[in-house]
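Shown next, in structure tokens, is the structure this report addresses.
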Amino acid sequence: MGTVVEPRSAVEVIVCRTADEVAEVAAAKVARVCRDVGPAVVIGVATGSSPVALYESLAQRVKDGRLDMSQASAFALDEYVGLPPGHRSRTRKSSVSR
């Protein structure tokens, strides 16, 4: 999956052929970090439709028992600080809470 391009800096570049492949490669990397940190991992998540396939892949890993995120917390990377509840630019209303 994906072709790793040798980095010239600390940034790793992976070239994928399809959006589905991007989602799987990204999900594998996020899952690895989640496993390394443990079930109480805290992750930053982007809103919008671009990362949906990544989140679906992570959810499938949890459902299949391959990933434990039972105590995980997340925060929206693109939430604006200080916006009042109900403001049209808030993304928090689209977040999932336990």
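The values are calculated or read from the model by the stated rules, or taken from the named source; none is laboratory data. Every value quoted in this text rests on a predicted model; they were computed, and no experiment measured them. So basically every Cβ, Gly included, is an ideal-geometry build from the backbone, and we count neighbours across all protein chains shown.
The table below lists the values:
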read-out	value
Pick from segment 72-94, criterion of a type outside the set (K, R) and over 30 Å from D36 (Cα atoms), ranking: modelled with the lowest pLDDT	S89
Candidate set: segment 72-82, residues that are touching a residue at least 12 places away in the same chain (Cβ under 8 Å) and in a loop (DSSP other than H, G, I, E, B); chosen: the one surrounded by the most Cβ atoms within 10 Å (Cβ to Cβ)	A72
Subset of segment 26-71 [assigned to a strand (DSSP E or B) and surrounded by fewer than 13 Cβ atoms within 10 Å (Cβ to Cβ)]	V42, G44
